[in-house]
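Data first, discussion second: the structure below is written as structure tokens.
The values are calculated or read from the model by the stated rules, or taken from the named source; none is laboratory data. Just so it is clear, the model here is predicted, and its values are computed rather than measured. Note: ideal-geometry Cβ built from the backbone for every residue, glycine included; neighbour counts use all protein chains shown. Just the protein is used for accessible areas: all its heavy atoms, side chains included, with ligands, DNA and RNA removed. Shrake-Rupley method; radii C 1.70, N 1.55, O 1.52, S 1.80 Å.
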Amino acid sequence: MHTMWKGSISFGLVNIPVKMYAATESKDVRFRYLHKECRTPIKTVRTCPHCQREVPWDEVVKGFEYADGKFVVLEKEELDAIAPDSDKAIEILDFVELKEIDPIYFNKTYYLGAQDENNKAYALLRKALEETGKIGVAKVTIRSKQSLAVIRIYRSCLVMETIFYPDEVRNIEEVPYVPDNAKVTEKELKMATQLIEQLTTKFDPEKYKDEYREAVQSAIDKKINDEEIVEAPHRRPEKVVDLMEALQASIDATKGKKRGRKKKASS
């Protein structure tokens, strides 16, 4: 498993060196855009519509659009000056009950492994979280972005889940057509609760499958097995030709054409 980040968990005076790994991965079937005519993958090119030319990375700056068509530009030095302190620490600020945090706040999950085998501090935090039933609310900086996170246990492993800040969760009052005081009858409610009870079971993640992805993958596999495969045309590497060689080849070619014309004229 690839190490994404290396640092430590700190709570109070306790410091636990850890490595971070991605806990989840997307299983989407990823397609590439091809040119329909020749089946060559399409390139994404940075262009300036005003200058009408391709723009190299060294001419690209970051701008914030504060009004339609109006930007303020922040140089790299300005952004570096206000960047959060990347001290490579997951600092636990508080401990709370997991049920107090609505799932809407959860964003991305990472496994946290100790940096060495049989790390006592790692085992101590895990055991303390088990005993208290609490999770830690922490802050962490990853790739210059400061995030809010929680530390909890998944099976025998400590995990960190980044969570959204309150102002990143949209106001439900902006959602249209949410019934406010819609009346339901006692009979309707009884039937609905009965249906829920009949469908209630123990959660088993293995029983749920991405049927669409499996169908797409099956169609792809069938095309591969039936050899319905298209290949992008191989581009021949451009031969670097010496200027004198190019001139000589051009002269030889023109001589051949002249000889061909003379033969036609004499005949």
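Across region 1-43, what is the number of residues that are under 30 Å from Lys88 (Cα atoms) and open to solvent by less than 100 Å² (accessible area, probe 1.4 Å)?
21
What number of residues in region 120-162 are among the small types (Gly, Ala, Ser) and assigned to a strand (DSSP E or B)?
The total comes to 4.
Which residue pairs have Cβ atoms closer than 6 Å, lie 6 or more positions apart in sequence or on different chains, and pair a first residue in region 106-117 that is under 30 Å from Arg170 (Cα atoms) with a second residue that is open to solvent by 30 Å² or more (accessible area, probe 1.4 Å)?
Correct list of pairs: Asn107/Phe164; Thr109/Thr24; Tyr111/Tyr21; Tyr111/Cys157.
Condition (residue is free of Cβ contacts under 8 Å to residues at least 12 places away in the same chain and within 30 Å of Tyr165 (Cα to Cα)) applied to region 44-60: is it met by at least one residue?
No; the residues of region 44-60 include none that is free of Cβ contacts under 8 Å to residues at least 12 places away in the same chain and within 30 Å of Tyr165 (Cα to Cα).
For region 163-192, give me each residue that is of a type in the set (Lys, Arg) and either outside any loop (DSSP other than H, G, I, E, B) or in contact with a strand residue (DSSP E or B) (Cβ under 7 Å, 6 or more places away or on another chain) (or both).
Lys187, Lys190, listed by residue number.
Regarding Ala83, is this residue out of contact with any Ser or Thr (no Cβ under 9 Å at 6 or more places or on another chain) and of a type in the set (A, V, I, L, M)?
The answer is no for Ala83.
Where residues in region 34-76 are of a type in the set (Lys, Arg), modelled with pLDDT under 90 and within 26 Å of the chain's Cα centre (by Cα), which of them is nearest to Thr141 (Cα to Cα)?
It comes out as Lys76.
Taking region 118-147 on its own, how many of its residues are under 19 Å from His2 (Cβ atoms) and either modelled with pLDDT of 95 or more or open to solvent by 40 Å² or more (accessible area, probe 1.4 Å) (or both)?
Here the count works out to 1.
How many residues does region 44-68 contain that are closer than 30 Å to Val216 by Cβ and open to solvent by less than 100 Å² (accessible area, probe 1.4 Å)?
1
Would region 256-267 turn up any residue that is open to solvent by 100 Å² or more (accessible area, probe 1.4 Å), at pLDDT 85 or above and out of contact with any strand residue (DSSP E or B) (no Cβ under 7 Å at 6 or more places or on another chain)?
Within region 256-267, not a single residue is open to solvent by 100 Å² or more (accessible area, probe 1.4 Å), at pLDDT 85 or above and out of contact with any strand residue (DSSP E or B) (no Cβ under 7 Å at 6 or more places or on another chain).
If I ask for residues that are at pLDDT below 85 and either more than 23 Å from the chain's Cα centre (by Cα) or open to solvent by less than 60 Å² (accessible area, probe 1.4 Å) (or both), which ones from region 77-88 would you list?
Leu79, Asp80, Ala81, Ile82, Ala83, Pro84, Asp85, Asp87
Looking at (1) modelled with pLDDT under 90; (2) open to solvent by less than 100 Å² (accessible area, probe 1.4 Å), can you tell me which one Val96 breaks?
(1)
Here's a check for you: in region 198-228, which residue that is outside any loop (DSSP other than H, G, I, E, B) and among the polar types (S, T, N, Q) is farthest from the chain's Cα centre (by Cα)?
So the residue we want is Gln198.
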